1. Does at least one position in the range 80-97 carry a residue that is within 19 Å of Tyr58 (Cα to Cα), polar (S, T, N, Q), touching a Gly at 6+ places or on another chain (Cβ under 8 Å) and surrounded by 11 or more Cβ atoms within 10 Å (Cβ to Cβ)?
2. Is at least one residue of the range 63-71 modelled with pLDDT of 90 or more and assigned to a strand (DSSP E or B)?
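The values are calculated or read from the model by the stated rules, or taken from the named source; none is laboratory data. What you are looking at is a predicted structure, and each value in this text was computed from that prediction instead of being measured. As a convention, Cβ positions derive from the backbone with ideal geometry for all residues, glycine included, and neighbour counts pool all protein chains shown.
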Amino acid sequence: MQSIRLYIFLLIPFLLGACGNTNDHEDTRRENIVAGTWISYFENTDSMVIARVFTDDYYSYFTYAEGKAQNELNKSRYYLDDQHIFLSSYTQTYKLEADTLWITNSKGDQTTKYIRARFIDAE
C-alpha cells in the first residue's frame, strides 16, 4: 500500500508540470541537471523520509513520508547555477555526484542526502 501511495505521489507532479505556464527566460536557462525524483532515506534504512521532484519545466515539489498535507506551499519555481538552487522563498546549495544529490539548507547548518529514484517498467 505504501509503495502505491509513493508511486502516485511521484506521478502527480509530472502530470501537473505538463500543465504549467511558460517562462520568458526559458531560452537562457542552463541544462537542468537536477531534474527528476530524489528520495531521502532514514539513516541506513530503506525508509523514505522526504521525496523531492524537480521537473524539466523548473518546478520543485516535495512531500514527507509521514503524510503531511500536500498543498501549494510544497510547490515552487526554481533556477540553477553551478552550486545553488534558487527557489521562490530561499536559496539552497547543492552538489551532484552521479545519482546522489546533496542539498544544504539556506541556513547552511543541515545537509540532506538524496538518491535519484529509479522506476522499473512493468512489462
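1. yes
2. No, the range 63-71 contains no residue that is modelled with pLDDT of 90 or more and assigned to a strand (DSSP E or B).
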